[in-house]
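Trainee: Mind looking over this structure? Questions follow.
All of the numbers you see were taken from the coordinates with simple rules; none came from a lab. Predicted model only: the values in this text are computed from it and were never measured. Positions of Cβ are backbone-derived with ideal geometry, glycine not excepted, and every protein chain shown enters the neighbour counts.
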Amino acid sequence: MPRGRTPADICIYGGAAGGGKTVGLILEPLRYVGRVANFTAVFFRRTTPQITNPGGLLDESQNFYPRVGGTLHLGAREWRWPRAGKIKFSHLQFETTVYDWQGAQIALICFDELTHFTAHQFFYMVSHNRSTCGVRPYIRATCNPDADSWVAGFLAWWIDQETGLPIPERAGAVRYYVRVAEKIVWADRSEDLMQHLPRPEDLPPGFDLPRPISVTFIPATVFDNLVLLRVNPEYLAWLLSLPLLERERLLGGNWKIRPAAGLYFKREWCAVVDEVPADLDVVRYWDLAATEKTEFNDPDWTVGIKLGRDKNGGCWLLDMVRGRANPGDVDKLLLNTATQDGKQVRIGFGKDPGQAGKSQALHLVRAFSGFTVEPAPESGDKLTRFGPFSSQCRAGNVKILRGPWNEDLFHVLEGFPDLAHDDEVDACSGALEMLNPQMKGWGIYEYYRQQAEQLLAERKSRGEATPQPTQTEWARGSMEWLAAQKKSS
């Protein structure tokens, strides 16, 4: 029985954002689930919240599956059809979760964001991809580029190893592999791998010869998704506004680019000024350390970044204070700085998890009696947290007041993430989060998505005609795609 447009056992689709990867994955089982008895598909995300969060896989499936006869059983996180067809959503949170699927028969396994899974999880499920429903078992997966993921090595033949970009003439080409002593052996033809498989005489009578597994990679870009660009033309602008690293990955589909000094900040992005507006909303955010410098150590710095925002949303970096001191002297540094800043400047600092962080936060709040203090837990990795500040700088939205501290700041920001100390980076990230509290915990893409939505809302309030993306339009376009697929198959 045919399995779609590619005959490959494993098809990985992705390499950039906006290519319609997740929706395409959700539509894939509709080829069979309503007409093939006992057909079963399972969608995997690494964790359950990635399935159940608003806008996640389960939400997205509700745009399509009820239209073709599916009934949702929410407790089981699965859709069912009259002929016993089933589509289930599940997680593989832990390395050992795959063992829960021993003995299962799954005609179609779908991995959304394959780079989130380990190689062991993927290949274990490959070995359990089987079915007796009449559809030959197969696997479909989506992903975004990650130079440090095992997926980058798995797809190396399809990727230019110098540029990190997909090789156009190899897109959709099918190759074959077998695993020999935990090593993957590739070939362009399946017959070239038969030497690594058991011979007919080594098998019991009546057993078919095993065969190599076929694989293909189909690169995706936002320009492949005309439906999205039609209903949301600003999406391309969102991708273009990302910092270089994320822009290369999510817009260009670059599998080789890694975090490196100079990608997140360049001093020429920010104008250095001698005067600033008087009516700024100002905060001072501290990245705290409490180890005194000696000749035998190289401790982190306590850094306080003073950041203001004007009425138009522009940012003004007004001051940086830093020092290496014991806890008592750090308290004096913070209090003296607060006194000089004035009570109109809100004070923030990162709060470590656990009892020690709670005790420190309580101590500092008491010490700053009379000031507005906002301790906040820091979530997310440094690269993700710094992304919005980096993007604001790159867009020219951050101006820096001239001062003797400028060169120290530029040195650290331009050297991130390669330097041993990046306390100024964390302080800048925290200060921007204080001025934009609704963005805490957002990824870089989400930050710019919501910024763009706010801009669209402002345009709409002014009566400007701007197309708005809707779930209904997106679903309609995708169902048109599905109808065309069925017609051509």
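Trainee: In nm, give the distance between the simple-model label positions of THR96 and LEU240, each being 7 Å from the Cα along the Cα-to-Cβ direction.
Mentor: Rounded to a tenth, the inter-label distance reads 5.1 nm.
Trainee: When the chain is fully extended, how far beyond the present Cα-Cα distance does ARG5 get from ASP148, taking 0.36 nm per residue of separation?
Mentor: Computed gain between ARG5 and ASP148 is 48.5 nm.
Trainee: Would you mind calculating the gained length between LEU197 and VAL365 on full extension (0.36 nm times residue separation, minus the Cα-Cα distance), in nm to one decimal?
Mentor: Working: separation 168, 0.36 × 168 = 60.48 nm, distance 6.82 nm.
Extra length from LEU197 to VAL365 when fully extended: 53.7 nm.
Trainee: What FRET efficiency, computed as 1/(1 + (r/R0)^6) with R0 = 25 Å and r the Cβ-Cβ distance, is obtained for HIS128 and ASN53, rounded to the nearest 0.05?
Mentor: Efficiency, from the Cβ-Cβ distance: 0.40.
Trainee: Using a basic spin-label model with each label point 7 Å from the Cα along Cα→Cβ, how many nm lie between GLN344 and TRP186?
Mentor: Label at GLN344, label at TRP186, 6.2 nm between them.
Trainee: If you average the alpha carbon positions of segment 17-96 and of segment 326-340, how far apart do those two centres end up, in angstrom?
Mentor: Each part reduced to its Cα centre gives a spacing of 55 Å.
Trainee: If you don't mind, there's one more thing I want to ask. Residue by residue through segment 338-344, which ³J(HN,Hα) values in whole Hz follow from phi under the Karplus form 6.51 cos²θ - 1.76 cosθ + 1.60 (θ = phi - 60°), with glycine and proline marked x?
Mentor: After applying 6.51 cos²θ - 1.76 cosθ + 1.60, I find 4, 5, 5, 5, x, 6, 6 Hz.
Trainee: Could you run the Karplus curve 6.51 cos²θ - 1.76 cosθ + 1.60 with θ = phi - 60° over segment 134-145 and give me ³J(HN,Hα) per residue in whole Hz, x for Gly and Pro?
Mentor: So the J values, rounded to whole Hz, are x, 9, 5, x, 8, 10, 10, 8, 10, 6, 10, x.
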